[in-house]
Amino acid sequence: MRAVWACCLCLASMPASAGNWKLLGRVDLMLGQYFFENSAGSLSGFGDADLQLTRSISPETGFFFTGRSVYTGFKQVNELAGGGTLFQQSIDNSLGAKLIRRYEGGYSLKPRVGVRSQLFRETRDEVWGKGLYDFTRYEGGVVWERKTRLGLSIPWTYQFSYDLYYTRYTRFKTLSSQFGSELAAPDPGSRVLDAITHQLGYRSEFDFPGFATGQLVYSLSLVSFLDQKVVSAQGQYLNAQRSDAAQTLSLGLSKRFLDLEALGRVRPVAGAGLTFSNQISNQNHFDTDPSRLKFVRGYYNYWEVRGGPNIGATFLKTMIHARVGYEYAARFYSGRLAQLADGSYTNDKLTQSSQSVFIEAGYPFWRGLELKARGTWSSTSSNTKFEQTYKYNYYDYNYFTGIEWKF
């Protein structure tokens, strides 16, 4: 984490243009309050520093370095190990480098490397860097891109990509026997969350007439867990390692409408998105509680759909802009069973639904500085009431105000 901050400070201290170097960035600093179920949090902060240092070697070749650090000071439920885990605070740091090489015909080749470190605090008194779910991810990949036209009037950009990730949970080894019923059985493996991921992707973007844009994104991730053994129906561990396959298909559309003359001219924008995803895993679950002793096949398999609209407007006289959006999501597990509050199993497969609303506004007032306000509300519910391992039912909302600096 110190290395990431040192790199960000080094990039930020450089002149905006030094020779062929150019520094671009965005820094958000915000304060606000969160409310999780029936509890209200104290005043907390959110910070996001995103910097890019670019250099053009020739008209065909260039590269840039990136550094980003995000601090979230309020409660959140993140899915890291197969279900929702509640955290008080988190820090997400990343560094990366990319080379861009352009060729005739609108083709480009973009190899990259990077590293990411994410830290979590489950309790306020937990020491940073000692969290059970802290992880470091090393990554590399390449993008092959072409800019062309669909017909005569529609600019079209499409990409094929391949990425390789190695994720290491630095502390899960020593505490693994305390989390998850399978991990208490003999010989479950040592670093059961460490994994290597191969990801293939395709992306298309279209600029339609009438200030409309469309987007299609597909990805396939093949995850191999390095030391997590598959659970058998007898509660024993096989020699086979866990492997997952996850797919995601996202569709998006946005349109800018003609300016309205009211209120000194208003420029409205509307958009909508729809995402389908699924995961298939060979890992099962054996509940070793003597009162249940239940085997559940395909514990991590699910289908999910999410989507919703958003609308925004820019008031051209003052340049104030605002946006509001709604999203609904539903997840259907094909193997995991719903449970009653005492842990006993039902015959129903577990389902989970969520909905969220956000609203944000900004006012640029001086040389790249902008006043910002943001608020979100979300609710998640499920047909299971047993939450000893994962969080399935909760609601929360928060509001934050602060300043954004773009340069």
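Some notes on this structure:
- Counting only strands (runs of 3 or more DSSP E) that fall entirely inside the stretch 81-155 and contain at least 1 residues that are polar (S, T, N, Q) and within 17 Å of Thr61 (Cα to Cα), the qualifying elements are 107-121.
Condition check ((1) assigned to a strand (DSSP E or B); (2) of a type outside the set (Asp, Glu)) across all residues:
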site	(1), (2)
Phe358	yes, yes
Glu370	yes, no
Glu387	no, no
Glu404	yes, no
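- The set of residues in the stretch 345-362 that are touching a Ser or Thr at 6+ places or on another chain (Cβ under 8 Å) and among the small types (Gly, Ala, Ser) comprises Ser353, Ser354, Ser356.
- Test: Thr318 is touching a strand residue (DSSP E or B) at 6+ places or on another chain (Cβ under 9 Å), β-branched (Val, Ile, Thr) and buried (at least 17 other Cβ atoms within 10 Å of the Cβ): no
- First in the stretch 288-310 and over 18 Å from Ser344 (Cα atoms), second anywhere and modelled with pLDDT under 90, Cβ under 8 Å, 6 or more apart: Tyr300/Gly82
- Listed by first and then second residue, the pairs linking a residue in the stretch 98-118 that is closer than 18 Å to Tyr158 by Cβ to a residue that is aromatic (Phe, Trp, Tyr) and surrounded by fewer than 18 Cβ atoms within 10 Å (Cβ to Cβ), with Cβ atoms under 8 Å apart and 6 or more places separating them unless they lie on different chains, are Ile100/Phe63; Tyr107/Trp144; Ser108/Trp144; Leu109/Tyr103; Leu109/Trp144; Lys110/Trp144.
Table: residues versus (1) crowded, with 17+ Cβ neighbours inside 10 Å; (2) more than 25 Å from the chain's Cα centre (by Cα).
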position: Thr346; (1), (2): no, yes
position: Ser354; (1), (2): yes, no
position: Tyr363; (1), (2): no, yes
position: Leu369; (1), (2): no, yes
position: Lys372; (1), (2): yes, no
position: Ser381; (1), (2): no, no
position: Lys391; (1), (2): no, no
position: Tyr394; (1), (2): yes, no
position: Tyr399; (1), (2): no, no
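- Residues that are surrounded by fewer than 17 Cβ atoms within 10 Å (Cβ to Cβ) and either of a type in the set (Asp, Glu) or at positive phi (or both) within the stretch 188-226 comprise Glu205, Asp207, Gly210, Phe211, listed in sequence order.
- Qualifying position, being over 28 Å from Phe276 (Cβ atoms), in a strand (DSSP E or B), modelled with pLDDT under 95 and out of contact with any Lys or Arg (no Cβ under 6 Å at 6 or more places or on another chain), among Tyr395, Tyr399, Tyr363: Tyr399
- Among the residues listed as Phe286, Phe295, the single one being touching a helix residue (DSSP H, G or I) at 6+ places or on another chain (Cβ under 7 Å) and either assigned to a strand (DSSP E or B) or more than 21 Å from Asp227 (Cα to Cα) (or both): Phe286
- Cβ pairs under 8 Å, 6+ apart, first in the stretch 38-54 and outside any strand (DSSP E or B), second at pLDDT below 80 and aliphatic (A, V, I, L, M): none
- When the stretch 73-111 is filtered for residues that are of a type in the set (Asp, Glu), surrounded by fewer than 16 Cβ atoms within 10 Å (Cβ to Cβ) and at pLDDT 80 or above, only Glu104 remains.
- Here His198 fulfils each of the conditions (1) at pLDDT below 90; (2) closer than 30 Å to Gln159 by Cβ apart from (1).
- Look at (1) surrounded by 18 or more Cβ atoms within 10 Å (Cβ to Cβ); (2) at pLDDT 95 or above and you find that Phe64 fails only one, number (2).
- Scanning the stretch 336-349 for residues that are part of a strand (DSSP E or B) and in contact (Cβ under 8 Å) with a residue 40 or more places away in the chain yields Arg336, Leu337, Ala338, Gln339, Tyr345.
- Any hit, the stretch 291-298, residues being out of contact with any strand residue (DSSP E or B) (no Cβ under 9 Å at 6 or more places or on another chain) and surrounded by fewer than 18 Cβ atoms within 10 Å (Cβ to Cβ): yes
The values are calculated or read from the model by the stated rules, or taken from the named source; none is laboratory data. None of these values were measured; they are calculated from a predicted model. Methodologically, a virtual Cβ is constructed for each residue, glycine included, from the backbone with ideal geometry; neighbour enumeration extends over all protein chains shown.
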